[in-house]
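The values are calculated or read from the model by the stated rules, or taken from the named source; none is laboratory data. The structure presented is a predicted model; accordingly, all values stated were derived computationally and were not measured. Quick reminder, even Gly has a Cβ in these numbers, built from the backbone with ideal geometry, and neighbours come from all protein chains shown. All accessible areas refer to the heavy atoms of the entire protein, side chains included, with ligands and DNA or RNA removed. Shrake-Rupley method; radii C 1.70, N 1.55, O 1.52, S 1.80 Å.
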Number of protein chains: 2
Amino acid sequence: MDTTTSVRRPHRALESSATQSTVRESNLALVARTLFDSPEPLSRADIAAATTLTRATVSRLVDDLLLGGIVVEREKTAGTPGRPATPVVPHNRLCALGMQVNAGFTIVRLIGLDGALIAESATTGDLVGSDPATVLRELGRTARRLLEGHLQTRRLVGAGLALPGLVRSGSGLLLRAPNLGWTELAPAELMAAPDLTAGLLVGNEADLAAVSIAYPTPGRQGPQRDFIYLSGEIGIGGAAVLDGRVMAGRHGWAGEIGHVCVDPDGPPCPCGSRGCLERFAGSRVLMRAAGLEPDAPVSELIEAIEDGSTAARAAVDAAAAALETALVSTINLLDIPEVVLGGHLGRLGRYLLPRVQAAVRGRAIAGRFDGPVVSVDQHVTTDDAAPAATGAAVAVLNQVIDNPAAWLG
Amino acid sequence: MDTTTSVRRPHRALESSATQSTVRESNLALVARTLFDSPEPLSRADIAAATTLTRATVSRLVDDLLLGGIVVEREKTAGTPGRPATPVVPHNRLCALGMQVNAGFTIVRLIGLDGALIAESATTGDLVGSDPATVLRELGRTARRLLEGHLQTRRLVGAGLALPGLVRSGSGLLLRAPNLGWTELAPAELMAAPDLTAGLLVGNEADLAAVSIAYPTPGRQGPQRDFIYLSGEIGIGGAAVLDGRVMAGRHGWAGEIGHVCVDPDGPPCPCGSRGCLERFAGSRVLMRAAGLEPDAPVSELIEAIEDGSTAARAAVDAAAAALETALVSTINLLDIPEVVLGGHLGRLGRYLLPRVQAAVRGRAIAGRFDGPVVSVDQHVTTDDAAPAATGAAVAVLNQVIDNPAAWLG
DNA sequence: TTGTTTTGTTTCATCACAAAACTTATAACC
DNA sequence: GGTTATAAGTTTTGTGATGAAACAAAACAA
């Protein structure tokens, strides 16, 4: 862990050479993305118009996608002069597992390539200090049960797992999850379900929740393309999304807004620093400061405020002030003037939004130019407590859309 | 300026289709990058081995580069059995102008595709509150004089201009440069030298200084590929470089570390926030706090410290503390555990490095894993006061290397 | 002089896509 | 109902990129 300076490869490969099959892969991906990104079904001719490819080329590419079960044809639609078009739409036969382990629950979702929730299984329980092997083995069993009966009609593309901690990008190793008490483990192995977890995508909970905002359904970007996401949990996770891609940094740990310092003389943080945002706006800190049980639901906090509790009000104000400071710094650093609040921060939106929005507009450099927007994660208003599980599945499905050639084999 | 929420285009083009000429462009760039990135001259066969292209293909691509004047053949090298190889190296006939306007000087440099400094012209003077039209017109004249006599043997690729302010990426407009007192102007037009400034690359001073660190010579990456750069001037500029690319953000303003908040109750900053890093570590703030003239050279500050001035010592300590806080937050946010100090911060390296390095290692999340490195910009030790001017030229030349097809026409 | 080795070139086959002609399937109009 | 107009999708042909393999060139070595 406490490794010495890593040896850098003296000459990394610049990139690989292009060939004709590269062209095909690239155009296949272009057609797939165009198809999935469109809110309305597109015909081959529509795709040709949208991509500048010829109809002939699109036809052949679409044939490949049909053959691979990635898309299907719908009934022809008449009504206008000319030969009727054949709409081509995402095939819901392909699907992926999205899983999440959190301090308070585990969840498994099966999601189709068209974005539909096919099945779901959730368990609640206190997982702080739990044994990762036990929890993950059980998660694997749950996933297998969930799949039963579906594999006759569907085909599994892969699985994704969201964890509340540091995940080393590439290797899929969890380095540490402070709020679970887990360190240094390989989730794919512990799940003991090699058929399900071959190529398991392991990701940080905030990063994957951000994916589900950037892509409400697989391959289709939502209205927010550049934004900073904050996940309000025991810790404050964060992710920075630019043009639909989650920023990774060198190891895949970028976006840790919870550990932006908002007061150099503030309380110490287990991360080694002091006065991190998390120390003011993390759920347990907030609840304690409000005079409530650390794991009390947000509704209690809101009630307390409405009942006139000064402690509750002060706690939220302190969190808001910390949030303002951290976000202004973050926006100045990343130049992404849009913020989405998730978890308990989203649920406290009515108290936080106006203040934070005003601060961001008045104090961030980009504030005066773009009219930055602060909003609440949709998932909060629809009472979805596990957007990261959905995001994990979507991330897996996006891989298919972004490189269909690899899936077609 | 104070625009309302910008209207987002509902459907941006996903990307354009690939064709055979795309393959050629891509491989041409691959060959060029391989050639320029190598410390030793490469033969066609070497390039083939390095890229997995065949010798036949490499030969044809190199022929194009030769024809375009981007590379030249050197004398064959014998000594080993087999047909002697023909080394192919960057051609120094192509060159670019790199210019910089700062609060205290202007500079114009002419730099060859091989990285050599061909000519240089600098002027000093207080440009705070100066008239941009006058300054830029004079800069254009200087550039033209500098070029005289060189255009018989060289060919100008283009020009780059570094400015200490906010530049809107794409348009090349300077929105504001607080320390010059300039706002809202189009440098390319004001320079009144359309032959030189066609396609002028305008960039932020810190961003372009970072380019000259990432690329010590055009197309050849230095040892630092991921790093956070801090330019110490009146203001503290910053840039984040990941894999050799400067992070832009939505408008091109990412990396403003000078406006990370290190004390929410600190002194107000013209940017609208409070307690920005710049308020503690900007050169004039630092000098005043040390009891010196605001524009005194760093050497005086060092002397004062060595003479035992407590004010000077305290000022540097305060700057160091602010730097620590800002950098820990920044590293947590970007996951780039490497820092390069430029300008007066680099010149104060002996006082800052140990403290800052310890802070970053002990308090940043990535600190415990990678052994983060804090170092001083090479340009400071070689007494080059204008790395951004070099970076501006290098950025222009890199465009040729990254897409030779566009240059060949 | 002959053989060996490596570089660089030539020739030919393959495979994507573009262009354009063609086929198919519908609506609109007389 | 027959004809025309219109648009979707397919077939055919040509172009241009790379790869593979044979070939030519230029050195060293025995």
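Tabulated data
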| quantity | calculated |
| --- | --- |
| Inter-chain Cβ neighbour average for residues B:333-342, partner chain, 10 Å | 5 |
| Peptide B:365-377, shielding by other chains (average Cβ, 10 Å cutoff) | 4 |
| Dipole of the protein assembly as shown, positive direction: furthest Cα of A:LEU185, B:ASN102, B:LEU348, with charges on the beta-carbon | A:LEU185 |
| Using a 7 Å Cα-to-Cβ projection, B:ALA406 label spacings across copies, nm, ascending | 2.7 |
| Counted charge near B:LEU196, where neighbours are those whose Cβ lies closer than 14 Å (Asp, Glu -1; Lys, Arg +1) | +3 |
| Three-way shape call for the protein assembly as shown based on the alpha-carbon gyration tensor, with the a/c threshold at 1.5 | oblate |
| Inter-chain shielding of B:261-271 (mean C-beta neighbours from other protein chains, 10 Å cut-off) | 4 |
| Additional length obtainable on full extension of the chain from B:ARG83 to B:ARG176, 0.36 nm per residue less Cα span | 27.6 nm |
| Rounded to 10°, Cα long-axis angle of helix A:132-147 versus longest principal axis of chain A | 40 degrees |
| Computed E for B:ARG245/A:ARG155 - FRET, C-beta separation, R0 41 angstrom, nearest 0.05 | 0.60 |
| Computed [θ] at 222 nm, deg cm²/dmol, chain B (DSSP H ≥ 4; -39,500 (n - 2.57); rounded to nearest 500) | -12000 deg cm²/dmol |
| Summed side-chain charge close to B:ALA48 - residues other than B:ALA48 whose Cβ falls under 12 Å, Lys, Arg +1, Asp, Glu -1 | +2 |
| Mean-position separation - Cα centroids, segment B:106-121 and segment B:209-240, in angstrom | 18 Å |
| Per-copy distances of the B:ARG137 label point, shortest first, in nm (7 angstrom along Cα→Cβ) | 8.2 |
| Residue of B:GLY258, B:GLY232, B:GLY275 that the Gaussian network model of chain B assigns the largest fluctuation, springs spanning Cα pairs under 10 Å | B:GLY275 |
| Packing rank of A:147-157, A:42-52, where each peptide gets the mean count of other beta carbons within 10 Å, highest leading | A:42-52, A:147-157 |
| Solvent-accessible area of B:VAL376 with every protein chain in place, 1.4 Å probe, in Å² to the nearest 10 | 40 Å² |
| Of all accessible heavy-atom area on segment B:20-90, the percent that carbon and sulfur account for (1.4 Å) | 53 percent |
| Relative contact order of chain B, defined on C-alpha pairs under 8 angstrom at six or more residues apart (%) | 17 percent |
| Where A meets B: accessible area buried, both sides, 1.4 Å probe, Å² | 6500 Å² |
| With all protein chains modelled, accessible area of A:SER21 [1.4 Å, Å²] | 60 Å² |
| B:GLU189 paired with B:ALA314, simple spin-label distance in nm, labels 7 Å along Cα-to-beta-carbon | 5.0 nm |
| Other-copy label distances relative to B:ARG245, 7 angstrom Cα-Cβ extension, nm | 0.5 |
